[in-house]
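Q: This is the structure I have questions about; it appears just below.
The values are calculated or read from the model by the stated rules, or taken from the named source; none is laboratory data. All values derive from a computational prediction rather than experimental measurement. Cβ sites come from the backbone with ideal geometry, for glycine too, and all protein chains shown count toward neighbours. Surface areas here come from the heavy atoms of the whole protein model, side chains and all, with no ligands, DNA or RNA. Shrake-Rupley method; radii C 1.70, N 1.55, O 1.52, S 1.80 Å.
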Amino acid sequence: MPQIAPALEKHPPGATAGQSAGSDFTPLLRTVRRQDLLERRYGWYALGMAVNALALGSVVTGVVLIGNSWWTLLLAPVLAVLSARTAFIGHDAGHSQISGDRAVSRLIGLVHGNLLLGMSYSWWNDKHSRHHANPNHIDKDPDVVADVLVFTAAQAGKRSGFRRWLTRNQAWLFFPLTLLEGVALKVHGFQDLRRQPPRERAVEALLLVTHVVSYTALLLTTMSLGKALVFAALHQALFGLHLGLAFAPNHKGMEMPDPDGERWGHLRRQVLTSRNIRGSVLTDWFLGGLNYQIEHHLFPSMPRPHLRLAQPLVRAHCRELGIPYAETGLIDSYRQALGHLHEVGSPLRGE
C-alpha cells in the first residue's frame, strides 16, 4: 500500500491544521482504498517496460540494418512515439506508481529518463512535484511561471520586445513551439546538475552523457552526417510534439487559485485546476493515462491502469459535493487550452 494514502487521509496536501477541507477528500480516499485501487500493478508495468524495451531495441536494430538510406528516416517517427512511452514510464516511476521502494523508483526513472531519453530524472521530479502540490498557482506552480508562454493578463502586461510578440501570437505558436520541447527538456536537465548534491550529480551526469554519446554514435556510424541530422531533428521534434499533445489539455484554461484568496483543500485544488479527456483505450495509450488528470492529481501514486476505474468514483463524489468536474473530448481540450492562451494575449493585440 502506498505510504501517501494514510498521510493524505490524515492531512491532505494544502490543508492546514484546523481546516475542514480534508473531510471532502477523506470519504473518497477510503472508498478508493477499499477497492484496492492504490495497490501496485507490478505485472502490468513489468510487461509494459519489457515491450517498450523490445520495441526500442527493434528500432535501433532497424537503424543499423537499413543504414545510410533515406528509408531510415521512417523510423524517426516510430522512435518519437516510443520515446514518449518511455517518458510516461519515467513519469509513473517518479510518482511511485510502479514501486513503493524509493530506490527502485529512482532506478527506473534514471534508466528511462537519463539513459534512454537524456532527460534528468531529478530535475523533472523536483519540478513536477512542485506542480502537483499547487497546480495552476501563479506563485508556486513552475508550469505557469512566465517564460516562453504566459498564462495571465498580469504576466502578459509585463512583456516587451520579442517576448511581447510571442505573447500576442502564443496560441498560434504553441504547437510549433512544442517541436523544440524534446531538446529543451535535455538542456534543462544538464543545467539542473549544478543544483544537485555531488553524488546524485555524478550519477545523473554520467547517464546523461552516456545517452548523448550513444545516440550520436548510433546515428553517425550508420548514416551520413546530413541524414543523421535530419533523423535527429525529426525524432526530437515529433517527440516534443507528442509530449505537448499529452500535456496541453491537462490544466491550461482551468481555474487558477487566487494567491491572496481562500486556500482550497486537496480535493478542490486538484479537481478545479484539472481537465479530463474522454476517449477509448487508444486515448489512454496515446496520452499515457494523463487523460485522467483529475484522478491522477488526487491520487498521484495510483497505478496508471487503475485511473480509469477510479474515475466513476471521483465523478460521483464531486457531483455529490457540487464541485465541477471538467471532462471533454481531445480536440475540444486543445480548443479550450489554445483559447485561453489567445485570450491572455488579446490585450497586446489591441482587442
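Q: With a 1.4 Å probe and every protein chain kept in, tell me what percent of the accessible surface of the stretch 239-323 is carbon plus sulfur.
A: Using a 1.4 Å probe with all protein chains present, the stretch 239-323 comes out at 55 percent carbon and sulfur.
Q: Next up: By how many degrees, between 0 and 90 and to the nearest 10, does the Cα long axis of helix 198-222 differ from the longest principal axis of the chain?
A: Helix 198-222 sits roughly 40 degrees off the main axis of the chain.
Q: Let me ask another. Just name one of Ala156, Leu115, Leu185: the one whose Cα is farthest towards the positive end of the charge dipole of the stretch 57-191 (beta-carbon charges, Lys/Arg +1, Asp/Glu -1).
A: Looking along the dipole axis, the top candidate is Ala156.
Q: On a 0 to 90° scale, report how tilted helix 330-345 is relative to the longest principal axis of the chain, with both axes built from alpha carbons and the result rounded to the nearest 10.
A: The helix 330-345 is inclined about 80 degrees to the chain.
Q: For a quick check, take a GNM of the chain with Cα springs below 10 Å and name the residue from Gln191, Gln170, Gln270 with the largest mean-square fluctuation.
A: Result for the chain, Cα springs under 10 Å: Gln191 fluctuates most.
Q: Using the crude model of +1 on Lys and Arg Cβ and -1 on Asp and Glu Cβ, and no other charge, please compute the dipole size for the chain relative to its Cα centre, in debye to 20.
A: Result for the chain is approximately 280 debye, rounded to the nearest 20.
Q: Oh, and also: For the stretch 118-157, with all protein chains present and a 1.4 Å probe, just round the carbon and sulfur fraction of the accessible area to a whole percent.
A: 56
Q: Related question: Whole angstrom only: what separates the Cα centroid of the stretch 64-105 from the Cα centroid of the stretch 121-153?
A: 24
Q: Here's another thing I want to ask about it. If each DSSP helix of 4+ residues adds -39,500 (n - 2.57) and the sum is divided by the residues in the chain, what number results at 222 nm, nearest 500 deg cm²/dmol?
A: -20000 deg cm²/dmol
Q: OK, next. How big is the charge dipole of the stretch 73-220 about its Cα centre, in debye rounded to the nearest 20, if each Lys and Arg gets +1 on its Cβ and each Asp and Glu gets -1 on its Cβ?
A: In total the dipole reaches around 420 debye.
Q: Considering the options Thr328, Ala246, Val209, tell which one lies farthest towards the positive end of the dipole of the stretch 192-351, charges being +1 on Lys and Arg and -1 on Asp and Glu at the Cβ, about the Cα centre.
A: Val209
Q: Another question, if that's okay. Quick one: work out Rg over Rh on the C-alpha atoms of the stretch 304-346, Rh as Kirkwood radius.
A: 1.14
Q: Note down the magnitude of the dipole of the stretch 21-106 about its Cα centre, charges +1 on Lys and Arg C-beta and -1 on Asp and Glu C-beta and zero elsewhere, to the nearest 20 debye.
A: Approximately 160 debye in magnitude.
Q: Apply the Karplus curve 6.51 cos²θ - 1.76 cosθ + 1.60, θ = phi - 60°, to the phi angles in the stretch 236-241 and return the couplings in whole Hz, x for Gly and Pro.
A: After applying 6.51 cos²θ - 1.76 cosθ + 1.60, I find 5, 5, 6, 4, x, 5 Hz.
Q: Here's a follow-up. Highest GNM mean-square fluctuation, the chain, Cα pairs closer than 10 Å: which of Gly43, Gly265, Gly90?
A: Of Gly43, Gly265, Gly90, the Gaussian network model singles out Gly43 as fluctuating most.
Q: With a 1.4 Å probe and every protein chain kept in, tell me what percent of the accessible surface of the stretch 25-69 is carbon plus sulfur.
A: 63
Q: Ignoring ligands, DNA and RNA, what accessible area per residue does the stretch 199-351 give at 1.4 Å, in Å²?
A: 43
Q: Write down the radius of gyration of the stretch 50-163 and its Dmax, each obtained from C-alpha positions, in Å.
A: Cα only, the stretch 50-163: 18.7, 54 Å (Rg, Dmax).
Q: Using alpha carbons only, how many degrees (0 to 90, rounded to 10) separate the axis of helix 75-94 from the longest principal axis of the chain?
A: Taking the Cα atoms of the chain, the angle to 75-94 is about 40 degrees.
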